[in-house]
Each structure stands twice: as C-alpha cells, then as structure tokens.
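J.: Handing you a structure now.
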Amino acid sequence: MNYKLLSERSIYLQMSYNVTANDFSTNNFIDALGKRLSQPVNVRGNSSTYMYAYYGKRIRDLGISIGANLNSNLSRNTNFINGLENRNYSSYVGGGLNIRFNKDKKYDINLAPNIGYTSSRSSIRPDETTHYFTQDHRVSASVTLPLKIELNTDCNFSIRQKTEAFDRNNNAIRWNARLDKKLLKNNTGIIRFAAFDILDQNIGFNRNVQTNFISERTYDTFRRYFMLSFLYNFTKNDNSQP
C-alpha cells in the first residue's frame, strides 16, 4: 500500500493463495429418485487464490477524484458423486471505477460503476458450464441548499444476467432520497423527510455457486416507504455551520 498525501494518490495491492491438505469434503450417493446420502471424506488439492488492486488520484484543477479497482477469485474443490471424483473450478473477475466531484459545503457527487463475471465448471460434466455477468452501479449526491437545507440521494442499479437454470428477470433499481432542515443553536436539531425505494423495486436476491451446482433465492424485503423524523444531537461539541 502506498499513499502520497500532497498529491492525494493511493495504490493498494493484496494477493493471497490458500491450499488445504486433507480438506473436508463429501461423497454424495444419489439414487434414481433423487435421494441423496452424504459421507464425509478427506481430499487433497483444494485451493483458492484472491487478488485485489486499487489506484486512485485527485485531480485538483478539475475538482475530481478518480479511482479504479480490479479483483478476482479462483478456487478448486474436489468432491465425489457416486464414487466418482469430481473436480470443480470456479472463478470471478470484476472491476469498477470511482468518480467523485465535490466542493466543500456545496456539493458531493459520487459515481461507482462495477461489473463482474462468474464462471464455474466440473470435471464430471465438462459440457455443463455456468457463466454470467453481474453489474452493480451506484450514484449518490449531496447538495447544500440555502436556509440550512441539505438534499441527499442515492441510486443503485443491480443488473443480473439470466442463466439457463434461472431465466427470471431479477434486475432492480433502488432509489432513496432525503431532505434535511437544520434547526436550533449550533444546528443541533434536524427535521428529516426520507423516501426509501422510491421506484418500489427492492427485491431480496442471492445467487450461490458451489462445488457442482448453482442456487438462486429471492426473499421478501422492505419495499417503498416514507419517514418523517426529528434528530437531536446531544454532544457538547460546537458543530455549527454557516
């Protein structure tokens, strides 16, 4: 990791490799009716590799901070199906950008587009592979208005590519916003009106790729709602702002 304070330039790199001797795995026995019996066994050669890299820099003349990241995961796992050795290989490669425009006490805008690719295959069925793209893009903004009013908003775009096993549309746009009005001495009080999931698209979603199968789950979450609240700061520090 390297950071230069004056130029606001940062570099970060992390890499790891893990291998487990005599790792725990399973020997699955599956009959014609689909009934499964699992037996614990020890296997060799299970390993995983992880890498994350980031570079960021502040461009003072333009008032912009720009960063880029890249990360990947590679894994190899072994199990047995009806006595046959099954080697499973899975990988993930993703990356994105971070772009920030900000001016103190006026505005702060952040853009963070990200995209990833997942792939999985097994030695027993090399003809059946799982691969798909996912995208998660985030936009957020904070604007200071006259009369001690502040507007904050954020929006997340989740795009999940369909697979042969799961062909439903699970894309979602989650948009939140709030309006704050500061009150009292030293701005210790805030009246806030907030709106959550304005487009009413928030869905619980989880896609899991394991040794030789892929599962997908959706579940109930809080959907669109609104809230009016009052906040009071009990600290004794002087946090007044013009």
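J.: Across segment 109-154, what is the total count of residues that are of a type in the set (D, E), at pLDDT 90 or above and touching a Lys or Arg at 6+ places or on another chain (Cβ under 8 Å)? Spell out the reasoning first.
T.: Our first condition is that a residue be of a type in the set (D, E); within segment 109-154, this holds for 127-128, 136, 150, 154.
Retained after the next criterion (residues that are at pLDDT 90 or above): 136, 150, 154.
Those left that are additionally touching a Lys or Arg at 6+ places or on another chain (Cβ under 8 Å): 150, 154.
The qualifying residues number 2.
J.: Pick out, from segment 75-193, the strands (runs of 3 or more DSSP E) lying fully within it that include 3 or more residues that are in contact (Cβ under 8 Å) with a residue 24 or more places away in the chain and of a type in the set (F, W, Y).
T.: Passing ranges, in order: 84-103.
J.: Being modelled with pLDDT under 90, in contact with a Ser or Thr (Cβ under 6 Å, 6 or more places away or on another chain) and not β-branched (V, I, T) is the filter here; which residues of segment 188-216 pass it?
T.: Passing the criteria: N202, G204, F205, N208, N212.
J.: Another question, then. Quick check on my filter: what residues within segment 149-193 are closer than 18 Å to F226 by Cβ and in contact with a His (Cβ under 9 Å, 6 or more places away or on another chain)?
T.: The answer is C155, and nothing else.
J.: Follow-up question, since we're still on this one. So in segment 100-129, with the set limited to residues that are surrounded by 14 or more Cβ atoms within 10 Å (Cβ to Cβ) and small (G, A, S), which one is farthest from E8 (Cα to Cα)?
T.: Across segment 100-129, the extreme among qualifying residues is S122.
The values are calculated or read from the model by the stated rules, or taken from the named source; none is laboratory data. This is a predicted model, so every value here is computed, not measured. As a convention, Cβ positions derive from the backbone with ideal geometry for all residues, glycine included, and neighbour counts pool all protein chains shown.
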